[in-house]
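Engineer: Would you mind keeping the following structure in view while I ask a few things?
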Amino acid sequence: MKNENRLSPDIINKTLEKMKLGNKLYFFEEVTSTFDAAQNTDVSPGTVVCARVQTGGRGRLGRKWCSSEGGIYFSLILKPAKDAGEIQVITAMCALAVQRTLSKYISCFIKWPNDIVSQNGKKLCGILSKAKISGDEVMYINAGIGINANISDFDSSLPHASSLKLLTGSEVNENEILCEVLREIDICIKMTPSEVMKSFEKVCITIGSQIKLEYHCGGKSIEGKCTGIEPDGSLIIQTDDAEALRVNSGEVSVRGIYDYV
Ligand code: ADP
């Protein structure tokens, strides 16, 4: 990989000099996960913890997130405004910011709730956010983002994964992408929850698709057509034999888009 395209703390720091997000950057060659590193290092708002490689990157439900060299792995600490809504809206906001950034390189969409997929259904990014709550108050949100930027190959166990480099045929500049995502988050964070969700809906591939919802508890699954998204980020699904159901991202995983299993 060309050196100028690799993540570099100096370049990131220089670019983010005047921004609140990324005002404190912790950069690691390798970490277990940036999510844990952020938790253990500094949870003040605006902190970014970034690494070139994660040895224990995670998706939802403790699923493994392949985090080899060539990806962009970072966690961002956010302190949402009181009216910013639930964690679902924050995850949606991060997904929107990444989709806006990656769409400057390739046509891509959001697969509800937390993935960015290419036109042919390849997964390019995953997002995992968790809130630290004390009483009624959200102390902070740790948003972990993994972007498949310059990864050259994936394990055969990940047939639905791809990278910007593999799909566009050329290397991308990882510093530019990271800084652009942070800039986009800085814009989206000023939007109201309903503005975030309206913009999210426009680029969400799940809406209008026939899908299968797999419940995380109890092993139940249901099939139906996704008809929209609620202002709080919940998914609306219409089955053949019932009224429309509403599910939140903590409850289910979506299957069925592009045969994604
Ligand atoms: P899901 O999409 O299955 O609901 P997550 O969003 O938590 O779950 O993502 C974890 C899943 O993503 C893993 O189980 C694996 O199938 C897939 N995966 C792991 N690493 C990568 C990667 N770098 N790029 C794309 N997909 C990946």
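The values are calculated or read from the model by the stated rules, or taken from the named source; none is laboratory data. For clarity, every value in this text was computed on a predicted model and none was experimentally measured. Cβ sites come from the backbone with ideal geometry, for glycine too, and all protein chains shown count toward neighbours. In case anyone asks, the SASA skips ligands and DNA or RNA and just uses the protein heavy atoms, side chains included. Shrake-Rupley method; radii C 1.70, N 1.55, O 1.52, S 1.80 Å.
Engineer: Return the total of residues in segment 58-75 being touching a helix residue (DSSP H, G or I) at 6+ places or on another chain (Cβ under 8 Å) and under 14 Å from GLY126 (Cα atoms).
Structural biologist: Within segment 58-75, residues that are touching a helix residue (DSSP H, G or I) at 6+ places or on another chain (Cβ under 8 Å) and under 14 Å from GLY126 (Cα atoms) number 5.
Engineer: Which of (1) within 16 Å of the ligand (Cβ to nearest atom); (2) over 30 Å from ASP42 (Cα atoms) is the odd one out, the single condition ILE145 does not satisfy?
Structural biologist: Going through (1) within 16 Å of the ligand (Cβ to nearest atom); (2) over 30 Å from ASP42 (Cα atoms) one by one, ILE145 breaks only (2).
Engineer: Does THR47 meet the test of being farther than 23 Å from LYS20 by Cα, surrounded by fewer than 24 Cβ atoms within 10 Å (Cβ to Cβ), more than 10 Å from the ligand (Cβ to nearest atom) and β-branched (Val, Ile, Thr)?
Structural biologist: No, not satisfied.
Engineer: Still on this model: If I go through segment 167-189 residue by residue, how many of them are more than 18 Å from the chain's Cα centre (by Cα) and either free of Cβ contacts under 8 Å to residues at least 40 places away in the same chain or part of a loop (DSSP other than H, G, I, E, B) (or both)?
Structural biologist: Matching residues across segment 167-189 total 5.
Engineer: Now a separate question. With the condition kept exactly as written, say whether any residue in segment 214-231 is open to solvent by less than 30 Å² (accessible area, probe 1.4 Å), part of a loop (DSSP other than H, G, I, E, B) and in contact with a Ser or Thr (Cβ under 8 Å, 6 or more places away or on another chain).
Structural biologist: No.
Engineer: Find all pairs meeting these conditions: Cβ atoms under 6 angstrom apart; at least six residues apart or on different chains; first residue within segment 132-158 and under 27 Å from GLU176 (Cα atoms) and open to solvent by less than 10 Å² (accessible area, probe 1.4 Å); second residue assigned to a loop (DSSP other than H, G, I, E, B) and more than 16 Å from the ligand (Cβ to nearest atom).
Structural biologist: ASN150/MET1; ASN150/GLU171
Engineer: Which one is nearest to the ligand (Cβ to nearest atom) among residues in segment 76-127 that are of a type in the set (Val, Ile, Thr) and not in a strand (DSSP E or B)?
Structural biologist: Here the residue is THR91.
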